[in-house]
Every structure is written in C-alpha cells, then in structure tokens.
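Reviewing the structure listed below.
Readers should treat all values here as calculations from the given coordinates under stated rules, not as data from a laboratory. Because the structure is a prediction, the values reported are computed rather than measured. Virtual Cβ from ideal backbone geometry, glycine too; neighbours counted across all protein chains shown.
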Amino acid sequence: MAGDERVRSLHARAIAAFARRDFTAAEAVLRTLLGEWPEDRDARFNLGYVLEAREQLDQAAAVYEPLAAADDGPALARLGRLRSAQGRLDEAAGALTRACAAAPSDALLARDLGIVENLRGRYPESASILDAVVRERPDDAQAWSALADSLRALRRLDEAEAAVDEALRRDLGSLHARIVRGQLAYDRGAFDRAEAAFSRAATLVPGNPEPYVNLGVLAHGLGRVDDAVRFLRTAVELAPDDPVAHFDLGMSLLLAGDFPAGFAECEWRLRDPRLRGSYPWRGRLPLWDGTSLDGGSLLVARDQGIGDFLLWARLLPAAHARGLRTVVECPPALAALYAGFPGIDELIAGSVPPERAPEFAAHLPLCSLPFVLEIDAAAIPLPIPLTPDPVRTARYRERFAARGARRTVGIVWAGEPSHTLDRFRSCGLDAFGALAGVPGVAWVSLQKGPAEREALAPPAGLELLALGEELHGFDDTAAAVAALDLVIAVDTSVAHLAGTLGAPSWLLHGFGNHWLWQLDRHDSPWYPSLRIFRQHEPNSWEGLFADVRAALEAWAADAAAVAVD
C-alpha cells in the first residue's frame, strides 16, 4: 500500500510540475519514479511527453520506442508525430500506420498519417486516407487542405479545387489552403491569380517560408530571375534547414548564371525526405568530395532522368582522371549507347546491388558531378559525341530517302507525364499543325510514351512516319536521329540526345525556364548544334510555332536552292 501511495504521489508531483511548465522538475520526478518502478508504463509515457516539451526529441523517441515495440497505441502515435516533426518521414509513417491499426476509429491519427504520406510523395495513399478522414470529419479544415494537396499532385485539379474550397470555408485563415489555391492557379496557367494568392499568404503569415518559395518558383518560371532569387533567399533565411527552399534557390541561381552558388544549393536535394528513396546510397557510403581515391572505386549513382544522364556523362572522364575507378549506374535504355564510353570502368544498366557496397570507397549522385568538379559558366565542357550503330543509321537513311523529300525532320511533342513541368513543356502533336505544308519536308515521329498514339491521327498536311514502336532503346533512337536532317523537339531526353550526337536540332522551350537554356539566348553552350525557340507569352505556343515555321521555310528553301545548283 505504501508503495502504491508513493507511486500516486510521484505521479501527482510530476503532473503538477508539468502544469506549471516546470519541465525540469517534472522530468526529475518521473526519472525518480522509473528508477524505483521501471515497469511503470504511464511514467515512461509521460516522461516522453515531458522530453518533447523540452524539445529533446531524440531522447523522447528513445523513451517511447520500448512502448511502441509492445504495440502501445498512444506511444506509437506520439512517436509517429515526433518523427514527422523531425522530418524522419519513413519512421513516422511506420509508427502512425501501426497506431492507426491499434485505433482504427481515430480519424485524427489517420489525418496525421495522410499528411505524412503526402510529405513522402505517396499521393495515391494519402488521397485515399484523407478522403476517408473528411467523410468522418467533414469540418476538419486541415484534412481538406491536405487532401487538396494530394489531389493536385495526382493532377485531379477540379477535385483539388473543391477540396480547397471546403478547407477555406471552414478556416479562411488557413495558410496551407491558400498556398494550394495559388498552386492550382499556377497549374492552370493563371499566373496573376497564383501570384496574388501567394502574396496574400505571405502577408497573412509573414514569418512562414512557404509563400516565398512559391513566389520564387513562379517568378523563376516567368523569367523574373532577380525576383526569384530575392524571394527564395527570404525563404532560406526563414527556414535555413529547408531543403526545398535551398534547392529552388539553387535552380534560380543557375538560371541567373551563377553556377558555383547554384550547384552548391542544389546539393540540398539530397536532404529532402521526399527523395530519400532516390538516394539509397546516402548514409551507406561516403559522399565523394572530388579528391583522389588512390585507385579506389567511385560509384556514380543514378540521379533524376535520362536527359540528366545525357547531359552530365560528359563529366565522367574528368572524375575518372582524379585517381579512381568509376562504376556508373546507367538508365537501362541508354546502356547500349554508353558501352565503352570514356571515363567509365564498369557500366551498370540499372542499379548496383546493395551487397556490393564494400567495394566502393565513396559514391556520388550523377547530378552532383558539376558541384564537385566546380563547373563554371566560363568553361562549359562540350558533350562527348556518341556513336550510333552505322548499319542501323544507314538503313534509316535509305528509308527516309525513299520518301522523296529533300529534307526529313523528326519531331517530339511530349515528355514524361510524371514530370512536374510536363503540362508546360509538352505542346501536343496538334501544335505541329502550324508547320504543315512546308515544301520539301518529310516528317518522322520519334515520340515515345503515352503521347505516341497521337501519331496515328496527325494534323492535316503533316504526314508522319511513326517510328515509336520500333524505338526500343536510345540506341535505336540515336540511329534514327543520325539519319535525319533536323530534330524539332520539346524539352525532353530526345533533345539532349540530339545535342549529344551533334545533330542539328531545334528545342521548343515551354514555360518554366529550365536553367540549362538560360534566359533570352537562342543557342546553347551545352549543345552547340542546338537552336532554342522561345514562347512570346508564358504558356502560349502560338508565337513560338510562327517563329519555327518561318525558320523552317527558310531552311527548306536553302535545301531547294542547293538541290537546283
């Protein structure tokens, strides 16, 4: 009995200390209690809560973890929310999933799990979870706002708009809902409305970085690079550990031509919890810092898309020259083209198996090469030409010549649908109707992916030879490109391929201002054979295609004159 009374007394003292916000005293009492009764579950749980209040989050997690291991629902919930606050999203999702299983009727727990899944980029899962939450809790503005975020990421824009309306109907001051409303306006090309929404959000909560990140991204897309850098520097000042703010600042600095600072800021992408799965070697192998490995092996890991590999492979010989052996992960579709490429000792089509980790002295994601090698605008390295299969190239050349036109032009009108800016970069085949009827030009489709089927019904006057079904890898595409007189493509991997091959190519530059193409210029130091055509108005292809038509007519006329001579 005396023991029970002491336990109750210590609990009461800890609760009283916590209530008066004397967290140090509360912790001391609870540690005394656990020293005498180490199996007291409530004392352990409350100690975790006190440590959270003292912002000692790792210590709090260590207290919760034994309880969580025993499937203690409240401890799992606290651990999940704590890990979410730390940005350790995989651990947060695991704990919250188990907490929801222990308390399936707790819609607040489900909401928190849905928000974490959003942050992890698992949008189908988050949308499903949050849709169930708003059915259970229709007045939960935070759940509606998070659902809008998921639906936007899934390109279900009308549903996302409706969810934002529901969120703001319940909480007019919701910063997150206002941000998502601005992002939806941006997605629809209503850039003035987007800017107004972000500016209003910045006024409502002046110390929050998120409105400034969005203002910066919008200004970047509109070509207002000084504004973009200013907004994004503000975001970084407000949130110095936010990888998204740093990365977006890096992209704008690159667009402004400040390559050293831009590449350095872009390294923050490696810390983005949403991208943790994209960098599986981080934390397992040291990051290469550019110094000699004394013959040791460097793993150059896959990073981002096929176009990025085509762009940055030119730096592999410079890395190799620093006293190391290179093992390079390559997108499988490029493997045949890059067999025997300079600077590659071993080419892996796909991913290196984890069990090979002990072989490597260090690793580096591919897109970190320009940072580590200190690439500057004053000395941009030229692409190292690839060599398409001459037999396949000759067959394509004969096939194109048989069509009887003086010039043969290959076209690509759409990129990867999952790309964040695809809705602005892809123009659709119908836009190429503006080029129909140019004398002496035959057309070939190099389009792959879902948009490939558009080649079955081309615009009137644009007779297409569709090669999509026979282009199984980029070695096939390279052979076709080498046999063409010109490639006209939106900003896709085919544009990078043509530039790497040194083939004449015209890039149709949509809204968004990818840093690589800089501002205003119509050539590219990265790809000397490439010519850039730009939109006259943001997200409008009409003026651009008028320029392309005029250039194409002049180019075709030159070919006709040469033929006459």
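Residues of region 323-358 with amide nitrogen under 15 Å from the 7 Å Cα-to-Cβ point of residue 384?
323-330, 335-348
State the Kirkwood hydrodynamic radius of the chain in Å, one decimal place, computed from all pairs of distinct Cα atoms.
Evaluated over the chain, this radius sits at 27.0 Å.
Only helical DSSP H runs with n ≥ 4 go in: add -39500 (n - 2.57) per run for the chain, normalise by residue count and round the 222 nm mean residue ellipticity to 500 deg cm²/dmol.
-16000 deg cm²/dmol
Which order do peptides 485-494, 232-241 fall in by mean Cβ count within 10 Å, highest first?
On the way: 485-494: 24.6, 232-241: 17.6.
Final packing ranking: 485-494, 232-241.
Using 0.36 nm per residue, how much length does the chain from residue 457 to residue 355 gain when fully extended, once their Cα-Cα distance is taken away?
On the way: separation 102, 0.36 × 102 = 36.72 nm, distance 4.90 nm.
31.8 nm is the gain from fully extending residue 457 to residue 355.
Which one of 95, 552, 446 is farthest out on the positive end of the charge dipole of the chain, using unit charges on Cβ (Lys, Arg +1; Asp, Glu -1) and the Cα centre as origin?
The one lying farthest along the dipole's positive direction is 95.
For region 134-196 and region 326-376, what is the separation of their C-alpha centers, rounded to whole Å?
41 Å
Compute the Rg/Rh shape ratio of region 390-564: radius of gyration over Kirkwood radius, all on alpha-carbon atoms.
Answer for region 390-564: 0.93.
Under 18 Å from a label point 7 Å along Cα→Cβ of residue 377: give me every residue in region 214-252 with its amide N that close.
220-233, 248-252
Just from the alpha-carbon atoms, what are the Rg and Dmax of region 1-158 in angstroms?
Both quantities, over Cα of region 1-158: 18.3, 65 Å.
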